[in-house]
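What follows is a single structure, written as structure tokens, with notes after it.
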Amino acid sequence: MSALQLTQVSKVYGSGATQVHALREVDLIVQPGELVAVMGPSGSGKSTLLTIAGSLEEPSGGEVTVGGAALSRLSRGECAALRRRAIGYVFQDFNLLAGLTAAENVSLPLELDGTTAKAARVAALAALDRLGLAERADRFPDDLSGGERQRVAIARAVVGERRLLLADEPSGALDSVNGEAVMRLVRETCQGGVAGVVVTHDAQLASWADRVIFLRDGRIVDQTAQVEGPESLLDADPAR
């Protein structure tokens, strides 16, 4: 069973002269344990693909299936439960809660799903430690740098028993060393059976993926199995 399947998925915003086709009949299957990078120019539909895959938006047409569950057949409450239990999401703007510490932000999804506070904190501290943030665990987001907040968001997305990880520019606020640490954690998470979809403009980051797909004007125009280094992505022609 695939972890994520998009079948003929389209998304249209607006109507008439202001109508925008963000996605056009996109087909995509991501298997458990597979890491897929999504590349393309600004406005190509990359972020829309993620929000629809994560049930944060509904498609205008087509079907999205996560772990065998067709999202169109789920109620709002069921979609929310699926997001909380099965999907980890890393947003461009982090979406951390200012009134919670780093550790509390990371442990919150586990506690909402019934994990005891003690067990959730242990898991949160382990995830933060793997990203070099053990000493910042009890700091609030406003006391952290942009790169540190980004790593907290990554830790929150991968903690627990997630089956699908969706990340929108996860290394955007990081230097190369911390960017490598983030992608190493994402890669390790996928090797444990989680499916990952990462949007990026960075060919070096995309080189961690098993497969790279290229979007242009809302369509998948090319895809590449990642068998070479990042220079192969720089040479790829997304207009094909």
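At-a-glance table
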| read-out | value |
| --- | --- |
| Label selected from (i) -0.22, -1.02, -1.39; (ii) -0.20, -1.04, -1.61; (iii) -0.25, -1.05, -1.33, the criterion being log10 I(q)/I(0) by the Debye sum over Cα atoms at q = 0.07, 0.15, 0.18 Å⁻¹ as computed here | (i) |
| Dipole of region 3-65, positive end: most advanced residue of G62, Q19, V9 [Cβ charges, Cα centre] | Q19 |
| Cut-off 18 Å, label 7 Å out along Cα→Cβ of V177, residues of region 119-150 by amide N | 129-136, 145-150 |
| Computed [θ] at 222 nm, helices only, for the chain once each DSSP H run of length n ≥ 4 contributes -39500 (n - 2.57) | -10000 deg cm²/dmol |
| Listed peptides 108-120, 127-139 by packing density, highest first (mean Cβ within 10 Å) | 127-139, 108-120 |
| Amide H contacts under 5 Å for L35, placed H, 5+ residues apart | G196, D210, R211 |
| Rounded to the nearest 20 debye, dipole of region 4-235 from Cβ charges on Lys, Arg, Asp, Glu | 620 |
| Binned Cα-Cα distance frequencies in region 184-227 - 5 Å width, integer % | 5, 19, 29, 26, 12, 7, 1 |
| Counted charge near L174, where neighbours are those whose Cβ lies closer than 11 Å (Asp, Glu -1; Lys, Arg +1) | -3 |
| Region 38-175 - charge dipole about Cα centre, Lys and Arg +1 at Cβ, Asp and Glu -1, debye rounded to 20 | 380 |
| Cα gyration tensor shape of region 82-167, rounded if a/c is under 1.5, else prolate or oblate by comparing a/b with b/c | oblate |
| Which of A98, L133, L82, positive extreme of dipole for the chain (C-beta unit charges) | L82 |
| Order of S47, S2, S176, S107 under a 10 Å beta carbon neighbour criterion, fewest first | S176, S2, S47, S107 |
| Packing rank of 155-163, 67-75, where each peptide gets the mean count of other beta carbons within 10 Å, highest leading | 155-163, 67-75 |
| Rounded if a/c under 1.5, otherwise prolate or oblate - region 1-131, Cα gyration tensor axes | prolate |
| Relative contact order (%) - region 4-235, alpha-carbon pairs under 8 angstrom, separation at least six | 29 |
| Linear extension gain, A17 paired with D129, 0.36 nm per residue minus alpha-carbon span | 35.3 nm |
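Every number in this text was worked out from the coordinates using simple rules, so none of it is lab data. Everything numeric here is computed off the predicted structure, so don't read it as measured data. Ideal geometry is used to build each Cβ from the backbone, glycine not excepted, and the neighbour counts take in all protein chains shown.
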